[in-house]
Amino acid sequence: MKSPRKKVLVTGGAGFIGSHVADAYLARGDSVWVVDDLSSGKRRNVPTEATFVEMDIRDPAVRDLFRTVEFDLVNHHAAQIDVRASVADPQFDATVNLLGLLNLLEGARETGVGRFVFVSSGGVVYGEPETFPTPEGAPKLPLSPYGVTKLTGELYLNYYRRIHDMEYVALRYGNVYGPRQDPHGEAGVVAIFSSRLLDGKPLTVFGDGEQTRDYTFVKDIVAANMLVSVMPLEDGGGLDDAAFNVGTGQGVSVNLLADTLETVAGVQPGRSHEPARPGELRHSRLDTTQLRARGWDCGWTLEGGLRETFEHIANGRQTA
Ligand SMILES: NC(=O)c1ccc[n+]([C@@H]2O[C@H](COP(=O)([O-])OP(=O)(O)OC[C@H]3O[C@@H](n4cnc5c(N)ncnc54)[C@H](O)[C@@H]3O)[C@@H](O)[C@H]2O)c1
């Protein structure tokens, strides 16, 4: 049965992941508004069928938009996303990731939004995990201000649910890669390595290259967003009852990532090594049992996802 057309706000819909999510809501038949200040996003990423509002999520005018449109669903992807930038300027990170979030939450509360999908990060909220793959219930001790603001965002949402009855879901992504990604996100290495391979330059690996991440293709991330936008929610009151890891459950080393991208690119320009970066996590791999139990599956292989990403970056160069 086709679900009724919803009015959906996608924040960060000019960015990498948010623009794919906006595409998917439109494909489902929903009406989509994109709010984005274009600080890192690009106007060309916003789907043409969406209504684009160039605005900072901290702007009080966001609340007027909520009153005018009366959204059914908010999908919040806009954020300060750079872990290092959050270390360099924790206050700026908090203004966007917390004050911006609160501006949206107040707009949602005032206008009775049906559901709020919040994007958290499984790569940072657990800090240096002790259990692999890491389940949602693992200790959460973030090691960066970005990780702290993502976790605090979940706490605010939990408060809005318990006190204001607002439905929400938090998605804790692995390291997301795919077409339209830029080098600054949590899986920026895919864009960086792809560009180096296209230039025939050696790939730079920090440390021994055996550090692992849960590299997740953006189309699997989009599928998770579509599922949690409509699935029935259970009534557990804890933070982890409303949070779902989204990842492959596999830990892929930087060395394996480089090998696979070289295969995809059909070139081997060699490797150079730099000292390990201080404070970098050794391993990250997410347990996705909870989301799989709700019907989500991770359909993309590493090579398949990297091939699509690499070809997108290569084609972008030809048309630039
Ligand atoms: N890329 C990953 O691996 C990854 C992993 C975990 C979580 N996430 C989360 O996913 C979301 C999207 O990340 P992405 O990788 O697509 O990054 P991105 O930078 O491509 O997208 C973020 C978008 O938010 C916009 N934005 C930033 N500050 C804003 C503000 N104050 N007001 C309005 N718009 C603003 C940017 O212009 C950009 O379009 C973020 O919440 C990020 O924390 C990403």
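Looking for whichever is more than 14 Å from the chain's Cα centre (by Cα), surrounded by fewer than 24 Cβ atoms within 10 Å (Cβ to Cβ) and within 15 Å of the ligand (Cβ to nearest atom) here; the options are Val205, Val189. Which one fits? Can you show your working first?
Working: Val205 fails: within 15 Å of the ligand (Cβ to nearest atom).
That would be Val189, the only listed residue that is more than 14 Å from the chain's Cα centre (by Cα), surrounded by fewer than 24 Cβ atoms within 10 Å (Cβ to Cβ) and within 15 Å of the ligand (Cβ to nearest atom).
Remark: pairs (first residue in segment 67-96, crowded, with 19+ Cβ neighbours inside 10 Å; second residue part of a loop (DSSP other than H, G, I, E, B) and of a type in the set (Val, Ile, Thr); Cβ separation under 6 Å; 6+ apart in sequence or on different chains) = Phe71/Val113; Val74/Val113; Ala78/Ile57.
One residue stands out among those in segment 81-112 that are assigned to a loop (DSSP other than H, G, I, E, B) and under 30 Å from Asp287 (Cβ atoms): the one that is nearest to the ligand (Cβ to nearest atom), which is Ile81.
Residues of segment 64-80 that are over 21 Å from Tyr25 (Cα atoms) and near the ligand (Cβ under 10 Å from one of its atoms): Gln80 alone.
Mind checking which residues of segment 208-219 are within 12 Å of the ligand (Cβ to nearest atom) and either modelled with pLDDT under 95 or not hydrophobic (A, V, I, L, M, F, W, C) (or both)? Quick ask: steps written out before the conclusion?
First pass over segment 208-219, keeping only residues within 12 Å of the ligand (Cβ to nearest atom): 213-218.
Passing the criteria: Arg213, Asp214, Tyr215, Thr216.
Of all residues in segment 16-27, those that are over 11 Å from Val218 (Cβ atoms) have Cβ atoms under 8 Å from Cβ atoms of residues that are near the ligand (Cβ under 8 Å from one of its atoms) and modelled with pLDDT of 95 or more, 6 or more apart or on another chain, in Ala22/Gly13.
Taking Tyr160 as the residue in question, decide whether it is within 12 Å of the ligand (Cβ to nearest atom), assigned to a helix (DSSP H, G or I) and in contact with a helix residue (DSSP H, G or I) (Cβ under 6 Å, 6 or more places away or on another chain). Criteria not met by Tyr160. All conditions in (1) surrounded by fewer than 20 Cβ atoms within 10 Å (Cβ to Cβ); (2) touching a residue at least 24 places away in the same chain (Cβ under 8 Å); (3) not in a loop (DSSP other than H, G, I, E, B) hold for Arg58, with the sole exception of (3).
Each row is one residue, and each column tells you yes or no for (1) at pLDDT below 95; (2) within 13 Å of the ligand (Cβ to nearest atom); (3) β-branched (Val, Ile, Thr); (4) crowded, with 24+ Cβ neighbours inside 10 Å.
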position	(1), (2), (3), (4)
Phe132	no, no, no, no
Gly137	no, no, no, no
Tyr156	no, no, no, no
Ala170	no, yes, no, yes
Pro179	no, yes, no, no
Gly185	yes, yes, no, no
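Can you pull out every residue in segment 161-197 that is of a type in the set (Gly, Ala, Ser), out of contact with any Leu (no Cβ under 8 Å at 6 or more places or on another chain) and under 20 Å from Gly251 (Cα atoms)? Lay out the reasoning, then the answer.
First, the residues of segment 161-197 that are of a type in the set (Gly, Ala, Ser): 170, 174, 178, 185, 187-188, 191, 194-195.
Then drop every residue that is not out of contact with any Leu (no Cβ under 8 Å at 6 or more places or on another chain), which leaves 178, 185, 187-188, 191, 195.
Within segment 161-197, Gly178, Gly185, Ala187, Gly188, Ala191 qualify.
For segment 1-49, a residue qualifies if it is within 16 Å of the ligand (Cβ to nearest atom), among the polar types (S, T, N, Q) and either in a helix (DSSP H, G or I) or surrounded by fewer than 24 Cβ atoms within 10 Å (Cβ to Cβ) (or both), and the qualifying residues are Ser19, Ser39, Ser40, Asn45.
The values are calculated or read from the model by the stated rules, or taken from the named source; none is laboratory data. Because the structure is predicted, anything quoted here is derived from the model rather than measured. Please note: Cβ atoms are built from the backbone with ideal geometry, for glycine as well, and neighbour counts cover all protein chains shown.
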